[in-house]
Amino acid sequence: MNEREVTPVDRFIVLADTALKSVTGSFAPTRAAPTANSPLLELSVAEKELSGALMRVNHVGEVCAQALYSAQALATRNPALRRQFETAARDETDHLAWTRERLRQLGARPSLLNPLWYAGAFGLGLIAGRAGDATSLGFVVETERQVEQHLDSHLDRLPAGDASSRAVVEQMKRDEAGHATSAEHAGAVALPLPVRWAMRLAAKVMTTTAHHL
Ligand SMILES: [Fe+2]
Ligand SMILES: [Fe+2]
(Lines give C-alpha, C1' and ligand atoms only; values in the text may rest on other atoms or scores of the structure.)
(Ligands and ions follow the chains in the order given, each with its own letter.)
Protein backbone atom coordinates (compact mmCIF):
# COMPACT_ATOMS: atom_id res chain seq x y z
CA MET A 1 0.00 0.00 0.00
CA ASN A 2 1.28 3.47 -0.87
CA GLU A 3 1.70 5.71 2.14
CA ARG A 4 0.48 9.24 1.55
CA GLU A 5 3.22 11.84 1.83
CA VAL A 6 3.17 13.90 5.02
CA THR A 7 2.27 17.46 4.05
CA PRO A 8 3.05 20.69 5.98
CA VAL A 9 -0.65 20.87 6.87
CA ASP A 10 -0.48 17.36 8.41
CA ARG A 11 2.56 18.41 10.42
CA PHE A 12 0.85 21.58 11.60
CA ILE A 13 -2.20 19.60 12.77
CA VAL A 14 0.00 17.14 14.70
CA LEU A 15 1.93 20.02 16.30
CA ALA A 16 -1.25 21.86 17.30
CA ASP A 17 -2.78 18.63 18.63
CA THR A 18 0.32 17.86 20.74
CA ALA A 19 0.41 21.41 22.13
CA LEU A 20 -3.27 21.35 23.06
CA LYS A 21 -3.12 17.91 24.65
CA SER A 22 0.04 18.81 26.61
CA VAL A 23 -1.48 21.95 28.05
CA THR A 24 -4.96 20.53 28.75
CA GLY A 25 -3.68 17.19 30.08
CA SER A 26 -5.69 15.00 27.72
CA PHE A 27 -2.85 12.64 26.76
CA ALA A 28 -3.49 8.99 27.67
CA PRO A 29 -0.43 7.03 28.88
CA THR A 30 0.75 3.98 26.91
CA ARG A 31 2.26 2.41 30.07
CA ALA A 32 0.41 2.05 33.35
CA ALA A 33 1.55 4.51 36.01
CA PRO A 34 4.27 3.04 38.26
CA THR A 35 2.05 4.08 41.18
CA ALA A 36 -0.23 1.09 40.58
CA ASN A 37 1.67 -1.30 42.87
CA SER A 38 2.61 1.25 45.50
CA PRO A 39 0.49 1.55 48.64
CA LEU A 40 -1.37 4.84 49.03
CA LEU A 41 -0.24 5.87 52.51
CA GLU A 42 -1.94 8.56 54.52
CA LEU A 43 -0.05 11.84 54.12
CA SER A 44 -0.37 14.84 56.44
CA VAL A 45 -1.71 18.10 54.98
CA ALA A 46 1.80 19.59 54.90
CA GLU A 47 3.23 16.49 53.20
CA LYS A 48 0.46 16.54 50.59
CA GLU A 49 1.16 20.21 49.91
CA LEU A 50 4.88 19.56 49.47
CA SER A 51 4.29 16.54 47.21
CA GLY A 52 1.75 18.56 45.19
CA ALA A 53 4.22 21.42 44.67
CA LEU A 54 7.06 19.07 43.66
CA MET A 55 4.87 17.06 41.30
CA ARG A 56 3.58 20.31 39.75
CA VAL A 57 7.19 21.22 38.98
CA ASN A 58 7.72 17.76 37.44
CA HIS A 59 4.52 18.09 35.42
CA VAL A 60 5.74 21.43 34.01
CA GLY A 61 9.01 19.71 33.11
CA GLU A 62 7.07 17.15 31.11
CA VAL A 63 5.01 19.85 29.36
CA CYS A 64 8.35 21.38 28.34
CA ALA A 65 9.68 17.98 27.23
CA GLN A 66 6.71 17.58 24.86
CA ALA A 67 7.37 21.03 23.39
CA LEU A 68 11.14 20.48 23.04
CA TYR A 69 10.84 17.10 21.31
CA SER A 70 8.02 18.35 19.02
CA ALA A 71 10.11 21.33 17.95
CA GLN A 72 13.31 19.31 17.53
CA ALA A 73 11.49 16.63 15.51
CA LEU A 74 10.08 19.40 13.31
CA ALA A 75 13.47 21.04 12.79
CA THR A 76 15.50 17.99 11.72
CA ARG A 77 15.66 16.85 8.09
CA ASN A 78 16.92 13.42 9.13
CA PRO A 79 13.99 10.93 9.22
CA ALA A 80 15.84 8.50 11.55
CA LEU A 81 16.54 11.28 14.04
CA ARG A 82 12.93 12.47 13.78
CA ARG A 83 11.81 8.94 14.70
CA GLN A 84 14.23 8.89 17.64
CA PHE A 85 12.80 12.19 18.95
CA GLU A 86 9.25 10.91 18.46
CA THR A 87 10.04 7.68 20.34
CA ALA A 88 11.46 9.64 23.30
CA ALA A 89 8.44 11.95 23.16
CA ARG A 90 6.16 8.94 23.66
CA ASP A 91 7.88 8.21 27.00
CA GLU A 92 7.43 11.88 27.86
CA THR A 93 3.71 11.52 27.10
CA ASP A 94 3.54 8.80 29.75
CA HIS A 95 5.42 11.05 32.20
CA LEU A 96 3.01 13.88 31.44
CA ALA A 97 -0.03 11.66 32.09
CA TRP A 98 1.46 10.09 35.25
CA THR A 99 2.41 13.42 36.87
CA ARG A 100 -0.97 14.92 35.94
CA GLU A 101 -2.77 11.95 37.52
CA ARG A 102 -0.60 12.15 40.65
CA LEU A 103 -1.42 15.86 40.96
CA ARG A 104 -5.10 14.98 40.83
CA GLN A 105 -4.68 12.30 43.52
CA LEU A 106 -2.86 14.79 45.74
CA GLY A 107 -5.58 17.40 45.22
CA ALA A 108 -3.05 19.77 43.64
CA ARG A 109 -3.46 21.74 40.42
CA PRO A 110 -1.16 21.93 37.40
CA SER A 111 0.77 25.14 36.75
CA LEU A 112 -1.36 28.05 35.56
CA LEU A 113 1.49 29.05 33.26
CA ASN A 114 1.61 25.81 31.25
CA PRO A 115 0.77 27.48 27.89
CA LEU A 116 3.65 29.88 28.51
CA TRP A 117 6.08 27.07 29.47
CA TYR A 118 5.06 25.15 26.35
CA ALA A 119 5.57 28.13 24.04
CA GLY A 120 8.95 29.00 25.58
CA ALA A 121 10.23 25.42 25.39
CA PHE A 122 9.00 25.07 21.79
CA GLY A 123 11.00 28.17 20.84
CA LEU A 124 14.11 26.78 22.56
CA GLY A 125 13.65 23.44 20.80
CA LEU A 126 13.45 25.20 17.42
CA ILE A 127 16.66 27.13 18.14
CA ALA A 128 18.41 23.87 19.16
CA GLY A 129 17.05 22.11 16.06
CA ARG A 130 18.14 24.88 13.69
CA ALA A 131 21.69 24.63 15.08
CA GLY A 132 22.06 21.24 13.39
CA ASP A 133 21.48 17.60 14.36
CA ALA A 134 24.63 17.08 16.45
CA THR A 135 23.93 20.22 18.51
CA SER A 136 20.24 19.34 18.78
CA LEU A 137 21.26 15.93 20.16
CA GLY A 138 23.74 17.67 22.50
CA PHE A 139 20.86 19.76 23.77
CA VAL A 140 18.87 16.56 24.46
CA VAL A 141 21.81 15.05 26.39
CA GLU A 142 22.29 18.19 28.50
CA THR A 143 18.54 18.61 29.16
CA GLU A 144 17.96 14.98 30.08
CA ARG A 145 21.04 14.84 32.35
CA GLN A 146 19.89 18.01 34.13
CA VAL A 147 16.38 16.54 34.52
CA GLU A 148 17.89 13.34 35.91
CA GLN A 149 19.79 15.36 38.59
CA HIS A 150 16.67 17.39 39.31
CA LEU A 151 14.55 14.22 39.79
CA ASP A 152 17.24 12.85 42.08
CA SER A 153 16.94 15.96 44.25
CA HIS A 154 13.15 15.40 44.39
CA LEU A 155 13.70 11.86 45.67
CA ASP A 156 15.50 13.51 48.61
CA ARG A 157 12.73 16.07 49.14
CA LEU A 158 9.53 14.05 48.60
CA PRO A 159 7.93 12.84 51.86
CA ALA A 160 9.19 9.36 52.76
CA GLY A 161 5.60 8.10 52.93
CA ASP A 162 4.67 9.26 49.42
CA ALA A 163 5.49 5.95 47.72
CA SER A 164 3.30 6.73 44.70
CA SER A 165 5.04 9.99 43.75
CA ARG A 166 8.41 8.35 44.40
CA ALA A 167 7.60 5.43 42.08
CA VAL A 168 6.65 7.86 39.28
CA VAL A 169 9.79 9.97 39.77
CA GLU A 170 12.06 6.90 39.86
CA GLN A 171 10.66 5.53 36.58
CA MET A 172 10.91 8.95 34.93
CA LYS A 173 14.54 9.21 36.04
CA ARG A 174 15.31 5.85 34.42
CA ASP A 175 13.58 6.91 31.17
CA GLU A 176 15.38 10.28 31.05
CA ALA A 177 18.74 8.53 31.49
CA GLY A 178 17.81 6.29 28.54
CA HIS A 179 16.95 9.33 26.39
CA ALA A 180 20.32 10.93 27.18
CA THR A 181 22.23 7.74 26.37
CA SER A 182 20.38 7.27 23.05
CA ALA A 183 21.17 10.87 22.09
CA GLU A 184 24.85 10.32 22.97
CA HIS A 185 24.95 7.21 20.77
CA ALA A 186 23.27 9.09 17.91
CA GLY A 187 26.19 11.55 17.68
CA ALA A 188 25.57 14.35 20.16
CA VAL A 189 28.24 17.02 20.60
CA ALA A 190 28.86 18.58 24.03
CA LEU A 191 27.36 22.06 24.35
CA PRO A 192 29.62 24.99 25.32
CA LEU A 193 29.75 25.65 29.08
CA PRO A 194 27.97 29.08 28.94
CA VAL A 195 25.05 27.44 27.09
CA ARG A 196 24.84 24.73 29.76
CA TRP A 197 24.86 27.41 32.49
CA ALA A 198 22.12 29.34 30.68
CA MET A 199 20.03 26.16 30.48
CA ARG A 200 20.50 25.59 34.23
CA LEU A 201 19.44 29.16 34.93
CA ALA A 202 16.31 28.81 32.74
CA ALA A 203 15.46 25.52 34.49
CA LYS A 204 15.92 27.20 37.89
CA VAL A 205 13.50 30.01 36.96
CA MET A 206 10.97 27.43 35.74
CA THR A 207 11.20 25.11 38.78
CA THR A 208 11.10 27.98 41.31
CA THR A 209 8.06 29.57 39.65
CA ALA A 210 6.18 26.31 39.08
CA HIS A 211 6.57 25.37 42.76
CA HIS A 212 4.01 28.11 43.54
CA LEU A 213 2.28 28.86 40.23
FE1 LIG B 1 10.14 13.03 31.12
FE1 LIG C 1 13.29 12.52 28.65
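The values are calculated or read from the model by the stated rules, or taken from the named source; none is laboratory data. No experiment lies behind these values; they were computed from the predicted model shown. So basically every Cβ, Gly included, is an ideal-geometry build from the backbone, and we count neighbours across all protein chains shown. For accessibility, only protein heavy atoms count, side chains too; no ligands or nucleic acids. Shrake-Rupley method; radii C 1.70, N 1.55, O 1.52, S 1.80 Å.
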(message) Kirkwood Rh over alpha-carbon pairs of the chain, then Stokes-Einstein at 20 °C and 1.002 mPa s: what D in µm² s⁻¹, rounded to an integer?
(response) 122 µm²/s
(request) Measure nothing but the geometry: give the 0 to 90° angle between the long axis through the Cα atoms of 114-130 and the longest principal axis through the Cα atoms of the chain, rounded to 10°. (result) 40 degrees
(message) So the label point goes 7 Å from the Cα of N78 along Cα→C-beta, right? Which residues of the range 167-206 then have their backbone N under 17 Å from it?
(response) 179-191
(request) Normalising by the residue count of the chain, find the relative contact order in percent from Cα pairs under 8 Å and 6+ residues apart. (result) 29 percent
(message) If you count only protein heavy atoms with a 1.4 Å probe, what accessible area per residue comes out for the chain, rounded to a whole Å²?
(response) 52 Å²
(request) Please find the FRET efficiency linking T181 to E86, where r is the Cβ-Cβ separation and R0 is fixed at 22 Å, and quote it to the nearest 0.05. (result) 0.80
(request) Using only Cα atoms, locate the centre of the range 8-87 and the centre of the range 119-161, then give the distance between them in Å, rounded to an integer. (result) 13 Å
(request) Taking the chain as the reference, fit the longest principal axis to its C-alpha atoms, fit the long axis of helix 45-75 to the helix C-alpha atoms, and give the angle between the two in degrees, 0 to 90, nearest 10. (result) 0 degrees
(message) Can you give me the % of accessible surface on the chain that is carbon or sulfur? Probe 1.4 Å, all protein chains present, nothing else counted.
(response) 60 percent
(message) Using only Cα atoms and rounding to the nearest 10 degrees, what angle (0 to 90) does helix 193-212 make with the longest principal axis of the chain?
(response) 40 degrees
(request) Work out, step by step, the length gained on full extension between A134 and E170: first 0.36 nm times the residue separation, then minus their alpha carbon distance; give nm to one decimal. (result) 10.1 nm
(request) Give me the compactness ratio for the range 138-212, meaning the Cα radius of gyration over 2.2 N^0.38 Å. (result) 1.21
(request) Place the peptides 141-148, 187-194, 71-78 in order of packing, highest mean first, counting for every residue the other Cβ atoms within 10 Å and averaging per peptide. (result) 141-148, 71-78, 187-194
(message) For the range 102-165, what are Rg and Dmax over the alpha carbons, in angstrom?
(response) 15.7, 45
(message) Can you compute the modelled spin-label distance between A198 and D156, with each label point 7 Å from Cα toward Cβ, in nm?
(response) 2.8 nm
(request) Choose one of A167, H185, A210: the residue whose Cα lies farthest towards the positive end of the charge dipole of the range 116-212 (beta-carbon charges +1 Lys, Arg; -1 Asp, Glu; about the Cα centre). (result) A210
